[in-house]
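Okay, so here's the structure we're looking at.
The values are calculated or read from the model by the stated rules, or taken from the named source; none is laboratory data. As the structure is a computational prediction, the values presented were derived from the model and not from experiment. Neighbour counts run over all protein chains shown; Cβ positions are idealised from the backbone, glycine included.
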Amino acid sequence: MNSLSNRSPSSTPTRKRIACSQIRAGMYLVRILDSWWKSPFFVHRRLLRSQDVPQLVQSGIQEVEIDISKGLDVSCDSGPVTLDDGCEIMQETVTHRHREDSSFQEPEPFSPDLHSLERENQEQLIKLRGDAIAAMEGVFEGVKTGQMIPLHALHATAQEFIQKALAHPTVLAEIMLIEQLEQFDKTLYSHVVDTAVLSILVGLQLGWDVKLLEEVAVAALLHDVGYMRLPLNLVQAWWGRTGIDHTLLRQHVTIGMALIDKKSQFSHEIVQMVREHHAYQDGSGYPNVQSGEPVSASGKLLGLADYFDELLAEGNTSGTFPVALAIRRMYQEAQKGKFPLLFVEALIRVFGVYPVGTIVQLSTGEHAVVVKQNPEVSVKPHVKIIRAPNGQILAEPEVKNLVLDADLGHEVSIMKVLNPADHSINFREIFS
């Protein structure tokens, strides 16, 4: 069976690469073909509106990918329009023919039912995560007594998470962070589930094929199963980060490979990913890749998700390691070559510039906690204000949507990220 490193995301014949100067409202944007730093959007898979077009062009992005099965194609009936800064865009021309095209739809107006629907989605995702954690505890405990790992059940769990990630990527990412912030009790079972979810979310940002992501997710669910054959006190010390024997702990990789490769239950690609999840592309990890062979793309993705979630787990033991600082560290590691920079950029797109749970100072001098992303404007999330400009703690925290405030002419911006160690915050109350 071919290595995952030789596989690439499936290509779709309805997708086109076009110059940024050719975009117009009604096109369906799949992704930008440039650095995420230039992107004005948090989520790229979207039907472009008239206000989106100048944002894209003025960002300096040269090329984008569109899907003509979901939106308009490039046509010759629009001429370039020059903006004040010299950029060119295709003038929005929605002809009668385009308005009749079923693929072009105006954004739906706000409905009060949307809030209850979002809450329902959140509850479903919380239950799915909880059920998956309980199931993985059963799988891992079964390994101790020699039970067979349930191949089909793991694939079914991976498929369900992928479906939810496709439908509600932002909500799923937020739920994962909120659950971690509220619980402060990261376990091995929640770690493997969150690593699988994170692998899926980042993989979707990278445009990877769904079948490939299913295998990555299954590998993520199993990547630490080798711990079940190590002494319990050693594993508990690892998650408590005290008195750790790293030499013995590292054997969990080879033990895990042997367990999942038993009777050839799982594909070669899944076994390979489990082997590579601590290898890293700069060779700084373990075990060393064979014959100088590079780490597969899927192994790199699993390694990134595992490393990131472990950073959050370290923080959860004291409640002081925020996601924003974990992301900053990941970016620094990528610049040194430990992870592909492209993968870390996708990770940042998943959580936004200011991830949920980040404590920030606003331009008004108030201190607030980021409680929800605005996918289209990641620098202006929803925040819950916890401290007044004079430093007084508010008895009743106030929720603000920074995008809505900007639309009303009350421009409020995030000035800087604050150290959570300087704040005593009950995240369970914040997100209740």
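When the residues of the stretch 152-183 are filtered to those that are among the polar types (S, T, N, Q) and touching a residue at least 40 places away in the same chain (Cβ under 8 Å), the one that is farthest from A132 (Cα to Cα) is T170.
Residues are listed down the side, and each one gets a yes or a no for (1) surrounded by fewer than 19 Cβ atoms within 10 Å (Cβ to Cβ); (2) modelled with pLDDT of 85 or more:
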{"position": "L4", "(1), (2)": "no, no"}
{"position": "T12", "(1), (2)": "yes, no"}
{"position": "Y28", "(1), (2)": "no, yes"}
{"position": "I32", "(1), (2)": "no, no"}
{"position": "S35", "(1), (2)": "yes, no"}
{"position": "H44", "(1), (2)": "yes, no"}
{"position": "V53", "(1), (2)": "no, yes"}
{"position": "E65", "(1), (2)": "yes, yes"}
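If you take the residues in the stretch 333-369 that are assigned to a helix (DSSP H, G or I) and more than 15 Å from the chain's Cα centre (by Cα), which one is surrounded by the fewest Cβ atoms within 10 Å (Cβ to Cβ)? Among those residues, the one meeting the criterion is Q335. Just one of (1) in a loop (DSSP other than H, G, I, E, B); (2) over 22 Å from the mean Cα position of the chain (by Cα) fails for V379. It is (2). Of all the numbered requirements in (1) more than 19 Å from the chain's Cα centre (by Cα); (2) farther than 26 Å from K262 by Cβ; (3) surrounded by 13 or more Cβ atoms within 10 Å (Cβ to Cβ), G142 misses one, and that requirement is (2).
Checking each residue in the stretch 130-148 for being touching a helix residue (DSSP H, G or I) at 6+ places or on another chain (Cβ under 6 Å) and within 21 Å of I162 (Cα to Cα) picks out A132, I133, M136, E137. Against the test of being in contact with a Phe, Trp or Tyr (Cβ under 9 Å, 6 or more places away or on another chain) and among the hydroxyl-bearing types (S, T, Y), the options S424, S378, S363, S413 yield a single qualifying residue, S378. Scanning the stretch 259-267 finds no residues that are hydroxyl-bearing (S, T, Y), in a loop (DSSP other than H, G, I, E, B) and modelled with pLDDT under 90.
The criterion of at least 3 residues that are among the small types (G, A, S) and assigned by TED's automatic domain parsing to the domain that holds E120 is met, among helices (runs of 4 or more DSSP H) falling completely within the stretch 139-216, by 151-167, 188-205.
Matching residues to (1) exposed (fewer than 11 other Cβ atoms within 10 Å of the Cβ); (2) among the hydroxyl-bearing types (S, T, Y); (3) in contact with a strand residue (DSSP E or B) (Cβ under 6 Å, 6 or more places away or on another chain); (4) modelled with pLDDT of 85 or more:
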site: P397; (1), (2), (3), (4): no, no, yes, yes
site: K400; (1), (2), (3), (4): no, no, yes, yes
site: V403; (1), (2), (3), (4): no, no, no, no
site: V412; (1), (2), (3), (4): no, no, yes, yes
site: I425; (1), (2), (3), (4): no, no, no, no
site: S432; (1), (2), (3), (4): yes, yes, no, no
